[in-house]
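The values are calculated or read from the model by the stated rules, or taken from the named source; none is laboratory data. Since the model is a prediction, treat every value here as computed from it, not as a measurement. Note that each Cβ is placed from the backbone with ideal geometry, even for glycine, and that neighbours are counted across all protein chains shown.
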Amino acid sequence: MASPGEELEKTDDDDIMRWVEPEDLQRYGLIPELVGRLPVGVHLEELDAEALERILEEPKNALVKQYQKMFELEGVGLTFDRKAIKAISRKGIREGDRGTGSPLNH
């Protein structure tokens, strides 16, 4: 905390979460018994559209690869245009994690 007359350093709300300690959670109102059952605290960074594109395509079990495999089993080739991947990732940014899978599921 800043003393009177000092200016508080500006931080955004997301950044401040990386510094939260168990004692802070107790001061916030969580009971010690609950805080004790949360042994690890993790701060996650927000994903951008580029990260979502990579998630759609790069992992071994990526959604794009799963759909390509399903179509391949039926004897059909499936490719995704770069614009389609970008559109799916933008929708994911707007709608949250459900947004990336739902265009492929409908």
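Summary table
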quantity: Flag for Leu47 being under 15 Å from the mean Cα position of the chain (by Cα) and at pLDDT 85 or above; calculated: yes
quantity: Close pairs from segment 85-103: first within 15 Å of Gln66 (Cα to Cα), partner among the β-branched types (Val, Ile, Thr) and at pLDDT 90 or above, Cβ under 8 Å, at least 6 apart; calculated: Ile85/Val64; Thr100/Ile55; Thr100/Ile88; Pro103/Ile88
